[in-house]
Amino acid sequence: MRIENVYATPGFSGFYFDDQRAIKRGAAKDGFSYVGEPVTDGFDSIRQAGEALIVDIELEDGSVVRGDCAAVQYSGAGGRDPLFQAEEYAPVVEEPVADELVGRDAEAFLENAELLEEMEVDGDRLHTAIRYGVSQALLAAAAEATGTTRTDVLADELGTDPSSEPIPVFGQSGDDRYVNAEKMFVKGVPVLPHGLINSEEKIGSEGETLLEYVEWLVSRSQELGPEGYEPRIHIDVYGMIGEIFGAPYDRPEVVAYFAALEEAAGDLPIQIEGPMDVGDREAQIEAMCELRDGLAEAGVGVDIVADEWCNTFEDVTAFVDAGAADVVQVKTPDLGGIQRSARAVQYCEGTDTRAYLGGTCNETETSARACAHVALATDAAQVLAKPGMGFDEGYMIVENEMRRTVSRRQRGRLEIEEEVTADD
């Protein structure tokens, strides 16, 4: 089946674009917004409406499949592509990208998606958001053309063995870190709560506020969670531990703080995302290795998660090769084509680094569902509930897409087994 047309429509994402550099420099909140001038190129204000570019691919039988171009909340920071503005990029999708794709075989997902990775417009590669969204539509097109699931398309193309169960979902609380965590406990979410610890006020001048929060998570999870509930605690500190303690990261004060976090977590496993942000990839890897070695030598069982400066596929491989993290976040919009996120998860196989298929609250329901198939196809360690910061909606979208797909695949296997039995 051939690709007939490609269309692009500007729309909204599930959250907002935030100027991370301005926020980390102390921009004051003003209700839901921020006071002050932005410092990152492309921003008109510190917080502005998130945008998405809705991509429709029409196939020759008249069916239409979709993908959404989206970029992370903190666009333009940590080595990422610049702020994604949908109106600006819509003509790129409908003209040069469409010119390349129209007439191609929809079943050839990997070939079509890799074409986008190599494509240049005016001497520049396509924005990561474009590669991300169009590749989602291409994956859906291949599934439509072959009459199978997106999970199976990816698994067949990449040679993986898909998970037979939904992947553990990681809930994201946003700033409403207490109420949303309680929602997660009631639903028995396996990994939580993110916490959005991105300022000294939230972590405490000596880290004491975060310790109190972890203690609360433990006690409240047992009060509200189902019987036998043992969630994994995952806190994103946006480099704030590095801001408070500073380098070197294997010295006694830093290791002692991580030991205190482990004690606060009690019997629950705990992992800390983005413990520091030192300004570039090489320095970040060195700092993460230093911390990880210090924790291992002291016998501290807190896992660390790579986030800052781990954006592209090449970044992921660099962190994994260096042994710089226990968990590496695969930030789906930052890697470009969705097949690259799948390959990044694959790269962690056989190493002591687990793959967390992440992304951003600033995606859409379409991109979140596509990522659920990547998680299943590659058997990732965990997958982010997205989009939005309200938790419930994103959790429903990702969890239900995985359950729906697992059920469909199980029915398909059962039908095949029944046919084989009948033939015998």
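Considering only residues that are assigned to a loop (DSSP other than H, G, I, E, B), touching a helix residue (DSSP H, G or I) at 6+ places or on another chain (Cβ under 8 Å) and open to solvent by 50 Å² or more (accessible area, probe 1.4 Å), which ones fall in the stretch 169-213?
Tyr178, Ser205, Glu206
If you go through the stretch 223-236 one residue at a time, do you hit one that is closer than 23 Å to Leu196 by Cβ, part of a helix (DSSP H, G or I), at pLDDT 95 or above and not aromatic (Phe, Trp, Tyr)?
yes
With (1) assigned to a strand (DSSP E or B); (2) without any contact (Cβ under 8 Å) to a residue 40 or more places away in the chain; (3) touching an Asp or Glu at 6+ places or on another chain (Cβ under 8 Å); (4) not polar (S, T, N, Q) as the list, and Pro38 as the residue in question, which single condition is left unmet?
Exception for Pro38: condition (1).
Can you confirm whether Tyr178 is touching a residue at least 24 places away in the same chain (Cβ under 8 Å) and either among the acidic types (Asp, Glu) or out of contact with any Ser or Thr (no Cβ under 9 Å at 6 or more places or on another chain) (or both)?
yes
Going through Glu144, Glu157 one at a time, which residue ends up being open to solvent by 10 Å² or more (accessible area, probe 1.4 Å), closer than 13 Å to Gln339 by Cβ and either in a loop (DSSP other than H, G, I, E, B) or modelled with pLDDT of 95 or more (or both)?
Residue meeting the stated conditions: Glu157.
Answer yes or no: is there a residue in the stretch 16-30 that is part of a strand (DSSP E or B) and within 30 Å of Ala142 (Cα to Cα).
Checking the stretch 16-30: not a single residue is part of a strand (DSSP E or B) and within 30 Å of Ala142 (Cα to Cα).
Looking only at the stretch 298-331, which residues are out of contact with any helix residue (DSSP H, G or I) (no Cβ under 8 Å at 6 or more places or on another chain) and open to solvent by 20 Å² or more (accessible area, probe 1.4 Å)?
Answer for the stretch 298-331, where residues must be out of contact with any helix residue (DSSP H, G or I) (no Cβ under 8 Å at 6 or more places or on another chain) and open to solvent by 20 Å² or more (accessible area, probe 1.4 Å): Gly299, Asp303, Glu314, Asp321.
Would you check which residues across the stretch 347-377 are under 21 Å from Glu399 (Cα atoms), in a helix (DSSP H, G or I) and open to solvent by 10 Å² or more (accessible area, probe 1.4 Å) and list them?
Glu365, Thr366, Arg369
In this structure, does Gly36 turn out to be more than 26 Å from Phe313 (Cβ to Cβ), among the small types (Gly, Ala, Ser), out of contact with any Pro (no Cβ under 6 Å at 6 or more places or on another chain) and surrounded by 14 or more Cβ atoms within 10 Å (Cβ to Cβ)?
yes
Please go through the stretch 257-289 and give me each residue that is open to solvent by 20 Å² or more (accessible area, probe 1.4 Å), over 12 Å from Ala325 (Cβ atoms) and outside any loop (DSSP other than H, G, I, E, B), ordered by number.
Across the stretch 257-289, the qualifying residues are Ala259, Ala260, Glu262, Glu263, Arg281, Glu282, Ala283, Glu286.
Six or more apart or on different chains, Cβ under 9 Å: which pairs go from a residue in the stretch 56-82 that's more than 19 Å from Ser135 (Cα to Cα) and at pLDDT 95 or above to one that's in a strand (DSSP E or B) and open to solvent by 20 Å² or more (accessible area, probe 1.4 Å)? Could you list them?
Pairs found: Asp61/Glu4; Gly62/Glu4.
Please work out which one of (1) closer than 30 Å to Ala283 by Cα; (2) open to solvent by 50 Å² or more (accessible area, probe 1.4 Å) is the condition Glu94 fails and give its number.
(1)
Working only within the stretch 87-106, note down all residues that are over 24 Å from Gly50 (Cβ atoms) and assigned to a helix (DSSP H, G or I).
Result: Glu95, Pro96, Ala98, Asp99, Glu100, Leu101.
The values are calculated or read from the model by the stated rules, or taken from the named source; none is laboratory data. Being a predicted model, the structure only gives us computed values, none of them experimental. Neighbour counts are summed over all protein chains in view; Cβ atoms, including those assigned to glycine, are modelled from backbone coordinates with ideal geometry. Side chains included, ligands, DNA and RNA excluded: accessible areas come from the protein's heavy atoms. Shrake-Rupley method; radii C 1.70, N 1.55, O 1.52, S 1.80 Å.
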